[in-house]
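The next block holds one structure in the form of structure tokens; read it before the comments.
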Amino acid sequence: MPLLTDLDISQNYLYGSIPLSLGNLQNMTDLVISNNHLSGVIPDIWSDFKYLYYLDISNNNFFGKIPSSIGSLSFIRFLFLGGNKLYGQIPSSLQNCTSMDTLDMGDNRLSGNLPYWVGEAMPSLLIFRVRNNSFTGHIPGQLCRLSNLHILDLSHNKLTGIIPTCLGNLSGLKTELKLDSERYEGSLQVATKGRIMEYTETTLYLVNSLDLSSNNLSGGIPQELTTLSELGTLILSRNQLTGKIPEMIGNLKDLETLDLSHNKLVGEIPASIVSLTFLSHLNLSFNKLSGKIPTKNQFQTFDDPSIYKGNLALCGTPLTTKCSGSGSGNGEAPSGGGKNDEDVKGRMENLWFYLTIALGFFMGFWGVCGSLIIKKRWRLAYFCFLEKIISEITVLIFVTANRLKKMFKR
């Protein structure tokens, strides 16, 4: 069978290991043995293949290191190694695979730093998936050079450092991708809308995803990420991110999934977030957010309080905590606090009224009495004046009374 070019024995119940005789099929272009129960190490036979451009050995029980001979597959475009028990580092020989479109090594036990050369040696890469491994170190800035990348999944590793601001330069997430059946083959599992979904080549081109969740990333969320206008999924949960949610988050008009939960984000939810009218899955729980929860547009449908759980300073629907005060931070009048505001305003007016009366009495009393106490001449003159007035009033009363008696006698 040396002329065999396509072999697909996936989704069976095959056991055992890959036979070394497979290397005799030098004219093979497509080899798919995924979703079986194959085990053992991956044999170092790949330098014998001259034309192989599609290799899928995912979802088996292979262990050991990735053989360096895979780097001799100069025509390889689709490489699926995920869902095994592979360990060690990504072999540097893979940088010879300059035509790579999809590189999936997720759900293994790989370790070491993410190779910087991926961003330099694979300019046509569309999909880079290494989720659920044990990679350490920083996210290499060279990944920002992957202008065609539209799925970047580095989640569930041990990455540290900040999110590179240059990820906002991923032009593949800024322009609408058109279906090219030759560039999307196989299937891929992607975290979106709160669950893991599997996409095939007929729908994979629709997925634009950035998933950096479940690492040890720190620092703020770069404002530059809000320029990725075609991004559909943004998952940054379960890190150590600080600072505020970017004010221009509303620029991500096509965003359907936003998960920023389990971080240390502070401040109010930006007012622009209500512009995300395609948003169907939101999770902002377990941060340090404050202020009123927006209620406009799509946010009217987010009635699950668990979305905001663990943010003790958040208030408003759907939480039971009512908002008070005049500042909502979202351009909306606070709900549930109107009556309280009126009561406070009334109490303040009454307080000022009584203070004014007291101040007026104090100033009037001491303005007169104080001067009489201090100045003796004024005091004598004042009492003489009072005595004179009282005398005149007394005389006037008696005179008036006598006149009235005479009138009644007549």
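One table, with the values for the structure above:
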item	result
Which numbered condition residue 240 fails, given (1) surrounded by 23 or more Cβ atoms within 10 Å (Cβ to Cβ); (2) under 29 Å from residue 126 (Cα atoms); (3) out of contact with any helix residue (DSSP H, G or I) (no Cβ under 8 Å at 6 or more places or on another chain)	(1)
Selected residue (criterion: modelled with the lowest pLDDT) from residues of the stretch 11-33 that are of a type in the set (S, T, N, Q) and assigned to a loop (DSSP other than H, G, I, E, B)	26
Cβ pairs under 9 Å, 6+ apart, first in the stretch 103-119 and over 21 Å from residue 57 (Cα atoms), second among the basic types (Lys, Arg) and surrounded by fewer than 21 Cβ atoms within 10 Å (Cβ to Cβ)	119/145
Output for the stretch 254-281, where each listed residue is under 11 Å from the mean Cα position of the chain (by Cα), assigned to a strand (DSSP E or B) and within 21 Å of residue 316 (Cα to Cα)	258, 259
Some residue of the stretch 56-63 being part of a loop (DSSP other than H, G, I, E, B), farther than 20 Å from residue 13 by Cβ and not assigned by TED's automatic domain parsing to the domain that holds residue 110	no
Those residues of the stretch 70-108 which are hydroxyl-bearing (Ser, Thr, Tyr), within 20 Å of residue 185 (Cα to Cα) and either buried (at least 17 other Cβ atoms within 10 Å of the Cβ) or in contact with a helix residue (DSSP H, G or I) (Cβ under 6 Å, 6 or more places away or on another chain) (or both), in sequence order	98, 102
Residue that is of a type in the set (Ser, Thr, Tyr) and touching a residue at least 40 places away in the same chain (Cβ under 8 Å), where the choices are 257, 301, 277	257
Out of 84, 157, 132, sole residue that is in contact with a His (Cβ under 8 Å, 6 or more places away or on another chain) and either over 29 Å from residue 27 (Cβ atoms) or at pLDDT 95 or above (or both)	132
Filtered residue count, the stretch 280-294, keeping only those that are in contact (Cβ under 8 Å) with a residue 40 or more places away in the chain and either among the basic types (Lys, Arg) or surrounded by fewer than 16 Cβ atoms within 10 Å (Cβ to Cβ) (or both)	2
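The values are calculated or read from the model by the stated rules, or taken from the named source; none is laboratory data. This one's a predicted model, so the numbers in the text were calculated from it and none came from an experiment. Methodologically, a virtual Cβ is constructed for each residue, glycine included, from the backbone with ideal geometry; neighbour enumeration extends over all protein chains shown.
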